[in-house]
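For reference, the structure is listed below as structure tokens.
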Amino acid sequence: MTEPIEKPRREHHPARKQLRGKGYFRRLGPGIVTGAADDDPSGIATYSQVGAATGNRLLWSAPVLLPLAFAVQEACARLSLVTGLGLAGIIKQRLPRPILYLCLALVVIANTVNIAADLGSMAAALQLLVPVPQLLGVVGFAAIIVVAEIFVPYHQYAKVLRWLCISLLAYIAVLFVADVQWDEVVRDLLIPGFTWTKLDIAMLIALAGTTISPYLFFWQSAEEVEERHRIKNYRVSTAHIHAMRGDVFAGMLTGVIVMSAIMITASATLHKNGITDIQTAEQAAAALQPIAGEYAGVLFLVGIVGVGLLSVPVLAGASAYAIAETFGWRESLEKRPSQARAFYALLFVSILIGLSLNLIGLNPMTFLFIAAVTNGLAAPILMAVVWWLANDKKLLGKWRSPLWSRILLGIATLAMALLPLLWVLAP
């Protein structure tokens, strides 16, 4: 394998070539979109459910998950930054076909369940303000997303939607209004609290699954390839790797901060008042009442719809990128549908199946938690594959993952693999 040239002619991803100074959020690259998509409706529901059910007892999982999630996403970004291939393309090139097809099946199944849950939750949130049938809301949001994905380049679409995601900062604002016992919060952040029960382990699987989600692996990888293709005469360099790393960390840090805020808010507002099982969007929205009062439903709707409109295309796009790379079809959200017909057909089918799953009648909030658990069960195998590839000298040469990254990724993989086993053994 030819060694990459160290010095680039241009910086990779011009928007993120400098991570300090004015205009920081405007300059961030794929990492910040990935981090925002990580706090999708499934994430909001899971963090709210955990906070309501257990208080702050599992809050320590947030700082533990941050370095593990960062290591996974950094490895996925590194693989594509160096090779110019998406994750599915790399697996296809370096590993046996059965492993490729297993990875493909895992990510597509997990993504489809996630799409269904996100669409259902968006429709449920809409019902807080507009008395429309659940199914009509699901169809409406699915249609909006399909039309946007076909006619609007994703980088422009994401620029608009990330402003809607600012509504998630309301969960942080509640912390300054609600009766939060900060001494308990600090204690629970630093000292792990855990009970040997199926409930706590299921909660940990859901938290890990919605923070370290399979679709984010493929999406981060695909977006790095998209950005790389925009650079003429691209050459990988240490500067590129450092910029990517800062971008990815910023995205994951943002996601985990919001995660912590939602859990603390749900604990201080719901758990404290005896609401330990969130079954409706109205119950979930009640966490925002200390700051929004009677407008809590509106704020919850804006947040759920904003992150939903951002994350569902990411979910469908991750599946489409993976399948298209596997079978050698043209793929890109920046291409017109006429230039990548199979790719856009995959996007449409993914959302259509997700829409159809809403016909089974599951409670939207329960569906979101199930989606998080599904991600948690699918992730370990995919993470093991990423660890193997990131350590492949023939593939990455001197750009293979450093020791600290391989250790963190290995710990994350083992932990995610052990959790389901612990759930089986727990009383």
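Potential lengthening of the chain between K198 and Q181 amounts to 3.4 nm, from the contour at 0.36 nm per residue minus the alpha-carbon distance.
When its C-alpha radius of gyration is set against 2.2 N^0.38 Å (N residues), the chain gives a value of 0.93.
Each helix, a run of at least 4 DSSP H residues, gives -39500 (n - 2.57); summed and divided by the residues of the chain, these come to -23500 deg cm²/dmol at 222 nm. Within region 184-264, the proportion of Cα pairs with more than 21 Å between them is 49 percent. What the Cα convex hull of region 279-427 gives, in volume per residue, is 211 Å³. Just tell me, in residue order, which DSSP H segments of the chain are both 18 angstrom or longer along the helix axis (alpha-carbon based) and at least 1.0 in mean Kyte-Doolittle hydropathy. Long hydrophobic helices here: 61-83, 97-126, 134-151, 198-211, 238-269, 296-327, 341-357, 364-390, 403-425. Per-residue extension of 0.36 nm, minus the Cα-Cα distance of R406 and L136, leaves a gain of 92.6 nm for this segment. Between K393 and T238, the C-beta separation translates, for a Förster distance of 25 Å, into a calculated FRET efficiency of about 0.90.
No value in this document is a laboratory result; all are computed from the given coordinates. Being a predicted model, the structure only gives us computed values, none of them experimental. Note that each Cβ is placed from the backbone with ideal geometry, even for glycine, and that neighbours are counted across all protein chains shown.
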